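Working notes, beginning with the structure itself.
The values are calculated or read from the model by the stated rules, or taken from the named source; none is laboratory data. Because the structure is predicted, anything quoted here is derived from the model rather than measured. We place every Cβ from the backbone using ideal geometry, glycine too, and count neighbours over all the protein chains shown. With ligands, DNA and RNA removed, areas are computed over all heavy atoms of the protein, side chains included. Shrake-Rupley method; radii C 1.70, N 1.55, O 1.52, S 1.80 Å.
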Amino acid sequence: MSKYFKAEITDNISLNKHFKILTLTPQSDIVVPQPGQFYMLNSNNTYDPLLKRPFSIFGCKNNTLSFLYRIRGKGTSCLSNLRGGDIIEVIGPLGNNYPEPAGDFIAVAGGVGIASLLPLLDKRKNTGYLFYGARSKDESVMLSEAGALSKETFVATDDGSEGRKGLITELLKGFLNNLKSEISNFTLPIYACGPNPMLKELSKIARERRIKCYVSLEEHMACGVGACLGCVVKTVSGYRRVCKEGSVFDSEEIVW
Amino acid sequence: MVNLSVNIAGLRLKNPIMTASGTFGYGEEYSEFMDLNRLGAIVAKGLSAAPRQGNPTPRIVETPAGMLNAIGLQNIGVKAFIKEKLPFLKKFDIPVIANFFGDSIDEYVKAAVELSGADGVHALEMNISCPNKQAGWIVFGTDPEIMEQVVKAVRKETKLPLIVKLSPNVTDIGLMAKVAEDCGADAVSLINTITGMAVDVKSRRPVLANNTGGLSGPAVRPIAVRMVWEASKAVKIPVIGMGGITTAGDALEFLIAGARAVAVGTANFINPTAVIDIIDGIEKFLTDEGISDINEIIGSLKIRS
């Protein structure tokens, strides 16, 4: 079983203008990924873009791997041109994973961060409270699928086109305040993936309430395996590699 | 069966392919992708006498057919390397080349002395593309006189084969190679990265936190091949070529231009088995061409007159 393998593209479907799901079939035995791990992918052996890009594992079923991505730059737009039958080289699974929740938990997804959290919601069906923040209805992809795996779902969008208008962290605060009075077990751990300002706010919320908060970070990476030291994050114990010691960190470790 | 082995500075390499410092960690990172015993040599991540935490982020940015990096030479320091990383590398039957640097002559000497006393280090590669804090932060390897001082100082303190890794940010690479040779270097390696910059046009800021960074990858290869050719004409000691090598064909360009061995760098990031693919590719090329010994290829460039 190798972590560097060839895979055939099964399909590369569009959810809407911005989001796609790439599904591939590895051509050799692979290591089974855990929720929170990632793979390095590129469109093909091109020199431009040169580097592979990291993508969270979104699904692993029937010997296929799938990745939910947003078309944003050169790498993802090349990825979006892949078609069924194309062969690419893949590195993974890489990085650590979300520690398994002991009981109920809170999952906070910001935008495409849902890609990283859906496998956790799937693994721990109906035990996660999903908080999903996005720019708009269009951008809150896979909401019904993720919602179906969750105990309860809360949505906020910047423009109010889906769920509440505003920040998802505000919704979470309200939830936690209510929880405190209604349920004795108000120390649900938080699992989060999304933009840094959201993660920073979550770490503050978690600290104030003394609850565990695990954040999956994103950084530009060259190698994905811990060699280049390009993707480091500042922690209380110095720089740590997002690709190796992460991408999931206890939010208390991060110097925000 | 073709002979791939070459001799460099008293080391016998089973093939001329090594890893470029800073692109292969301390070996462990890639050991799950390959049998490290297949490598010609392993060149570990650059070390300083004391640990260094490196630069803030962003540290890397992709550029056309290449990347800029400004890692800031983050490393665990010589002592931790010897204690924590060397025992792993000693398990393999390949030469371990320790790359090191400093920001003063004293720091270079200190690192070199400690590494020379460690069992399992077979050669030293000296990175001279660092600024000298005692000489107005001029990069050691861009000034022949400052370079001479530091190479001589290190040479005096180590009996291990000494490879001097040259900076390409100079006018006359042949001259710099000659300075290294005259100071007692056993080999030169080149090129280190080429200083570059990328700008974010909206914020009008450099993309890298360090403002500038070192360019590597296929984009630099033609410059590197030219410099290896020039350096190999200027010196008698072996030249180790590197700069954008991604395929066996790329490596052969360097060998033909005069390099006795080559190092693979940025390509490791894209293809974690790049070094193995390149070794296999060179062997296949030689077999296909009916060449029985890699040494027949080295320096065989037929200059157009």
Check your understanding: Here are some residues: A:L179, A:L188, A:L202. Which one is more than 14 Å from every other protein chain (Cβ to nearest Cβ), at pLDDT 95 or above, over 30 Å from B:I270 (Cα atoms) and open to solvent by less than 80 Å² (accessible area, probe 1.4 Å)?
Key -> A:L202
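Yes/no per residue for (1) open to solvent by less than 10 Å² (accessible area, probe 1.4 Å); (2) among the charged types (D, E, K, R); (3) away from chain A (no Cβ under 13 Å):
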position	(1), (2), (3)
B:R12	no, yes, yes
B:M18	yes, no, yes
B:Y30	yes, no, no
B:M34	no, no, no
B:A41	yes, no, yes
Practice item. Would you confirm whether any residue within the stretch A:223-246 is in contact with a His (Cβ under 8 Å, 6 or more places away or on another chain) and not assigned by TED's automatic domain parsing to the domain that holds A:G111? Key: yes
**Study point:** Members of the stretch B:61-81 that are under 20 Å from the mean Cα position of the chain (by Cα) and either free of Cβ contacts under 8 Å to residues at least 24 places away in the same chain or under 16 Å from B:G25 (Cα atoms) (or both)
**Key:** B:N69, B:A70, B:I71, B:G72, B:L73, B:Q74, B:N75, B:I76, B:G77, B:V78, B:F81
Exercise for review: Have a look at A:L65, A:L50, A:L94 and point out the one that is over 30 Å from B:L68 (Cα atoms), open to solvent by less than 50 Å² (accessible area, probe 1.4 Å) and hydrophobic (A, V, I, L, M, F, W, C).
Suggested key: A:L65
**Study point:** Qualifying helices (runs of 4 or more DSSP H) (wholly inside the stretch B:187-305; at least 1 residues being out of contact with any Ser or Thr (no Cβ under 8 Å at 6 or more places or on another chain))
**Key:** B:221-234, B:248-257, B:274-289
Practice item. Provide a single number: the residues in the stretch A:234-256 that are in a loop (DSSP other than H, G, I, E, B), in contact (Cβ under 8 Å) with a residue 24 or more places away in the chain and open to solvent by 50 Å² or more (accessible area, probe 1.4 Å). Key: 3
Review point. Going by the structure shown, is B:D93 of a type outside the set (A, V, I, L, M, F, W, C), more than 14 Å from every other protein chain (Cβ to nearest Cβ) and assigned to a loop (DSSP other than H, G, I, E, B)?
Key: yes
Exercise for review: Kindly establish whether B:E62 is among the charged types (D, E, K, R) and touching a Leu at 6+ places or on another chain (Cβ under 7 Å).
Suggested key: yes
Exercise for review: Please name all residue pairs, on different chains or six or more residues apart, with Cβ atoms under 7 Å, provided the first residue is in the stretch A:108-134 and is under 14 Å from A:I168 (Cβ atoms) and the second residue is of a type in the set (S, T, N, Q).
Suggested key: A:Y129/A:S150; A:L130/A:S150; A:L130/A:T153; A:Y132/A:S140; A:Y132/A:T153; A:A134/A:S140; A:A134/A:T157
Review point. Among the residues of the stretch A:218-233, is any away from chain B (no Cβ under 11 Å), hydrophobic (A, V, I, L, M, F, W, C) and in a loop (DSSP other than H, G, I, E, B)?
Key: no
**Study point:** Number of positions in the stretch B:1-10 that are more than 18 Å from B:L124 (Cβ to Cβ) and either open to solvent by 10 Å² or more (accessible area, probe 1.4 Å) or without any contact (Cβ under 8 Å) to a residue 24 or more places away in the chain (or both)
**Key:** 5
Review point. Name the residues in the stretch A:112-153 that are in a helix (DSSP H, G or I) and buried (at least 20 other Cβ atoms within 10 Å of the Cβ), would you?
Key: A:V112, A:G113, A:I114, A:A115, A:S116, A:L117, A:L118, A:P119, A:L120, A:L121, A:A146
